[in-house]
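Colleague: Questions regarding the structure given below will be posed in turn.
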Amino acid sequence: MKWPAVKALLAAGQIVLIDARLAETFALSAIPGAVSLPAYSQVEDLRTFAVKYPRDKRFVIYCNSDTCDMSHELAGKLARQFGFTNLTIMPGGFAEYVIAESGAANPPTQ
């Protein structure tokens with residue numbers, strides 16, 4: 001799923017946006033409205049997260065960029081270990097968000 005679609009769903013309150021990057025990276029900069037759940041979280045932290053949401057809640061997970069696997073790693077854990085069924089990846093990750101929101105993706109024409 002690309003950032004414009006994620007942005008609309010997030011604004012409408014229809015998804016939970018999960019940042020799978022390291023907590024330290026999230027603390028430095030993250031997409032507003034995202035929650036931090038690092039891909040390599042301890043089982044207890046994943047369990048604490050899992051009890052907060054219904055298993056069919058719609059989630060979108062992102063990490064750094066399309067070369068980062070942390071979002072896929074986290075999605076697999078949430079599906080296998082906790083039974084979540086509505087998980088989508090934003091493959092472009094934080095890099096896509098930064099480019100889109102900076103306007104660099106659509107430079108003005110002169």
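Colleague: Taking amide hydrogens as modeled 1.01 Å from N in the peptide plane, which residues meet the under 5 Å criterion relative to I18, leaving out close sequence neighbours?
Modeller: Amide H neighbours of I18, under 5 Å, 5+ apart: V35, V60, I61, Y62.
Colleague: With a point put 7 Å past each Cα toward its Cβ, work out how far Y40 is from K7 in nm, to one decimal.
Modeller: 3.2
Colleague: Could you tell me which residue out of T25, Y53, I89 lies farthest along the dipole of the chain toward its positive end? Charges go on the beta carbon: Lys and Arg +1, Asp and Glu -1, centred on the Cα centre.
Modeller: Of the listed residues, the answer is Y53.
Colleague: Mind putting a number on the dipole of segment 1-75 about its Cα centre? Charges go on the C-beta only, +1 for Lys and Arg and -1 for Asp and Glu, and I need it in Debye to the nearest 20.
Modeller: About 380 debye.
Colleague: How long is the gain from I99 to N86 if the chain were fully straight, where each residue apart is worth 0.36 nm and the alpha carbon distance is subtracted?
Modeller: Extending this stretch completely gives an extra 2.0 nm.
Colleague: For the chain, what does the alpha-carbon gyration tensor say about shape, rounded, prolate or oblate, given a ≥ b ≥ c as the root eigenvalues, a/c under 1.5 as rounded, and a/b over b/c as prolate?
Modeller: Here the chain falls in the prolate category.
Colleague: Here is a follow-up. Could you order E44, E101, E96 by accessible surface area, starting with the largest, using a probe radius of 1.4 Å?
Modeller: E44, E101, E96
Colleague: Continuing with this model, one more query. Given a 10 angstrom Cα cut-off, can you work out which residue in R21, R58, R47 is the most mobile in a GNM of the chain?
Modeller: Judging by the Gaussian network model, the answer is R47.
Colleague: Just the accessible area per residue of the chain, please: how many Å² with a 1.4 Å probe? The partial results should precede the final answer.
Modeller: On the way: 6190 Å² over 110 residues.
So the chain comes to 56 Å² accessible per residue, rounded to a whole number.
Colleague: In the chain, what percent of the accessible surface is made up of carbon and sulfur (1.4 Å probe, ligands and nucleic acids excluded)?
Modeller: Percent of accessible area from carbon and sulfur atoms in the chain: 55.
The values are calculated or read from the model by the stated rules, or taken from the named source; none is laboratory data. Please read these numbers as outputs of a predicted model, since none were measured by experiment. So basically every Cβ, Gly included, is an ideal-geometry build from the backbone, and we count neighbours across all protein chains shown. Just so you know, the surface numbers come from the protein's heavy atoms only, side chains and all, with ligands and any DNA or RNA stripped out. Shrake-Rupley method; radii C 1.70, N 1.55, O 1.52, S 1.80 Å.
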